[in-house]
Amino acid sequence: MNYIVMDLEWNQASDEKTKLANELLFEIIEIGAVKLNDKKHQIDSFHELIKPQVFHRMNQVTGELIHIQMEQLSNCRSFEEVAGDFLKWCGEDYVFCTWGGADLTELQRNMEYYHMSSLSSGPLKYYDIQKLFSIAYEDRKTRRSLKYAVDYLEIEQDIAFHRADSDAYYTAKVMSHFYNPALFDNYSFDTYQLPKSRADEVHAIFENYEKYISRPFPDKLTAMQDKEVISTRCFLCGANTKRRIPWFSVNNGKHYYTVVCCKTHGYLKGKIRMRKSVRDDCIYVVKTLKSIDENGVTDILKRKQQTREVRKERRHRL
DNA sequence: GTTATTCTTAGTGAGCCTGG
DNA sequence: CCAGGCTCACTAAGAATAAC
């Protein structure tokens, strides 16, 4: 399997009027990519600018950032042509790698705008190199700019940042510092396309947790009534578990937590995040199940009591 | 039954980061 | 300038409970 390390640059409206007049918010104007083989050695590269069909003026802030002038784009090919060739170039057996999670969403949004056939019928598996950098060198959570990672790893900065080809090149360079192959167990899913049915839902099992991505629901309450959404079977053995702390909400119903106990694997923490679909007016659920110890259980109990006390205090202050 | 208090959720906006 | 994520602070309002 090959790795397609990809980066996009896009433009947007320069004024409110143009923004309202167009259905597309971000128009892709450059695609850059590096192809790596299964040993992560570079075997090819792709780079092409795109002639805009939606926005004919460069947004000033964007222009200063990506250093592309409109004049450079006038003789380029259209998005359909370039993106079509790019996807052909990607081949059959590949996985995308991007810095952060925005690029695959915007690629798919632009493709749908031009009625191109979709990349995937459901969530799209990819590697978020920004996330892998955080797992390898930081705390798994903080998100750094590409420049920060390149500085940190003392990678030679021979070309300017914020161009599709150079950022794809630097992202691949950062990848070459990932010496532990187990790092690539931490794949991500782009959720531009949500699972179409219950059978298509994602149940991804990682080293010490399971991630579930639901099909769309009209609202939170409907989601929280769904059997599969609130199910907490043990991801290590598939056995039913005993609920120790019922699902409770924090952060104004955006997150829910629970604690259950598996006969053979002990305590598990369940977390539900309510997410809005970027494509449609609906929500979906991202649920994670993770092993915890006794301390973990008391932590969740504390959190449950804390959210109550915080609310109580606020009321008393009024 | 009516009113007052407490509990709970919903929604918003600010301020920080990332991306273009 | 635009978008997203995340957390925190705050307000509004509905549901449940207690007191009259």
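Among the residues of the range A:206-221, the ones that are part of a strand (DSSP E or B) and among the hydroxyl-bearing types (S, T, Y) come to 2 in all. Reported count of residues in the range A:41-67, each being in contact with an Asp or Glu (Cβ under 8 Å, 6 or more places away or on another chain), within 16 Å of DNA strand C (Cβ to nearest atom) and touching a residue at least 60 places away in the same chain (Cβ under 8 Å), is 1. Only a single criterion out of (1) crowded, with 18+ Cβ neighbours inside 10 Å; (2) within 30 Å of A:Q42 (Cα to Cα) is not satisfied by A:A182, namely (1). Put simply, of A:A33, A:A13 the only residue that is assigned to a loop (DSSP other than H, G, I, E, B) and either within 11 Å of DNA strand B (Cβ to nearest atom) or in contact with a Phe, Trp or Tyr (Cβ under 6 Å, 6 or more places away or on another chain) (or both) is A:A13. Does at least one position in the range A:60-74 carry a residue that is in a loop (DSSP other than H, G, I, E, B) and farther than 25 Å from A:R144 by Cα? Scanning the range A:60-74 turns up at least one residue that is in a loop (DSSP other than H, G, I, E, B) and farther than 25 Å from A:R144 by Cα. The sole residue among A:L8, A:L25 that is within 13 Å of DNA strand B (Cβ to nearest atom), assigned by TED's automatic domain parsing to the domain that holds A:T171, within 16 Å of A:L107 (Cα to Cα) and part of a loop (DSSP other than H, G, I, E, B) is A:L25. If the condition is being surrounded by 15 or more Cβ atoms within 10 Å (Cβ to Cβ) and aliphatic (A, V, I, L, M), then the range A:156-179 contributes A:A164, A:A168, A:A172, A:V174, A:M175. Would the range A:218-230 turn up any residue that is surrounded by fewer than 15 Cβ atoms within 10 Å (Cβ to Cβ), in the same structural domain as A:Y127 (by TED's automatic domain parsing) and over 28 Å from A:I300 (Cα atoms)? Scanning the range A:218-230, I find no residue that is surrounded by fewer than 15 Cβ atoms within 10 Å (Cβ to Cβ), in the same structural domain as A:Y127 (by TED's automatic domain parsing) and over 28 Å from A:I300 (Cα atoms), so the answer is no. A:E80: acidic (D, E), assigned by TED's automatic domain parsing to the domain that holds A:S134 and assigned to a strand (DSSP E or B), yes or no? The answer is no for A:E80.
Selection of first residues in the range A:98-116 that are closer than 12 Å to A:A164 by Cβ and of second residues that are more than 8 Å from DNA strand B (Cβ to nearest atom) and among the hydrophobic types (A, V, I, L, M, F, W, C), restricted to Cβ pairs under 6 Å at least 6 apart or on distinct chains, gives the following pairs, ordered by first then second residue: A:T98/A:M6; A:W99/A:I129.
Once the range A:56-79 is narrowed to residues that are touching a His at 6+ places or on another chain (Cβ under 9 Å) and closer than 27 Å to A:A172 by Cβ, the residue that is farthest from DNA strand B (Cβ to nearest atom) is A:H67.
Considering only the range A:36-57, how many residues are assigned to a loop (DSSP other than H, G, I, E, B) and within 20 Å of A:R109 (Cβ to Cβ)? Break it down into steps so the answer makes sense when it comes.
Of the residues in the range A:36-57, the ones assigned to a loop (DSSP other than H, G, I, E, B) are A:37-41, A:51-57.
When the remaining residues are screened for being within 20 Å of A:R109 (Cβ to Cβ), the result is A:51-56.
Counting residues in the range A:36-57 that are assigned to a loop (DSSP other than H, G, I, E, B) and within 20 Å of A:R109 (Cβ to Cβ) gives 6.
The values are calculated or read from the model by the stated rules, or taken from the named source; none is laboratory data. This is a predicted model, so every value here is computed, not measured. Every residue, glycine as well, gets a Cβ built from its backbone with ideal geometry; the counts of neighbours run over all protein chains shown.
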